[in-house]
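Novice: Below: one structure in structure tokens.
FYI, it's all coordinate maths here, none of it is from the lab. Here the structure is a predicted model, which means the values were calculated and not measured. We place every Cβ from the backbone using ideal geometry, glycine too, and count neighbours over all the protein chains shown.
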């Protein structure tokens, strides 16, 4: 899924009951997220303009704020536990 408009980023994953292991949401541009109003935990991957992972927030619970990540250009939100399952770490590069 892609959220590259103001309203798309504003809505994000709100209203979804869950996120399956083969789904993700790409928020562009984005350097800070929240899980206010969400029903499930997520992993958040903050990446720079080149797609390099700067920071990973694992198992971000509902009704939380993630701190702004300096130099982040976009965020990929995945089901909680997926970053570990996929072996993703800061320094890896994502392509889309």
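Novice: Would you point out the residue of region 1-22, among those that are in a loop (DSSP other than H, G, I, E, B) and out of contact with any strand residue (DSSP E or B) (no Cβ under 7 Å at 6 or more places or on another chain), that is nearest to residue 73 (Cα to Cα)?
Specialist: Taking region 1-22 first, the residues in a loop (DSSP other than H, G, I, E, B) are 1, 4-5, 12-22.
Now restrict to residues that are out of contact with any strand residue (DSSP E or B) (no Cβ under 7 Å at 6 or more places or on another chain): 4-5, 14-18, 22.
Numbers: 4: 12, 5: 14, 14: 21, 15: 25, 16: 24, 17: 27, 18: 25, 22: 23 Å.
Looking at the filtered set, the residue picked out is 4.
Novice: Quick check on residue 36: is it in contact (Cβ under 8 Å) with a residue 24 or more places away in the chain and part of a loop (DSSP other than H, G, I, E, B)? Please lay out each step first, then the result.
Specialist: Values: in contact (Cβ under 8 Å) with a residue 24 or more places away in the chain: yes; part of a loop (DSSP other than H, G, I, E, B): yes.
It is true that residue 36 is in contact (Cβ under 8 Å) with a residue 24 or more places away in the chain and part of a loop (DSSP other than H, G, I, E, B).
Novice: Pairs only if they're at least six apart or on different chains, beta carbon under 9 angstrom, first in region 1-17 and free of Cβ contacts under 8 Å to residues at least 60 places away in the same chain, second in a helix (DSSP H, G or I) and surrounded by 11 or more Cβ atoms within 10 Å (Cβ to Cβ); list them, first residue then second.
Specialist: From region 1-17, the pairs are 1/8; 2/8; 3/9; 3/11.
Novice: For region 39-55, which residues satisfy the criterion of being without any contact (Cβ under 8 Å) to a residue 40 or more places away in the chain and closer than 16 Å to residue 4 by Cα?
Specialist: Applying the first criterion (without any contact (Cβ under 8 Å) to a residue 40 or more places away in the chain) to region 39-55 yields 39, 41-42, 44, 46, 48-49, 54-55.
Within region 39-55, 46, 48, 49 meet the criteria.
Novice: Could you check region 56-96 and list, in sequence order, the residues that are farther than 15 Å from residue 25 by Cβ and touching a residue at least 60 places away in the same chain (Cβ under 8 Å)?
Specialist: The answer is 85, and nothing else.
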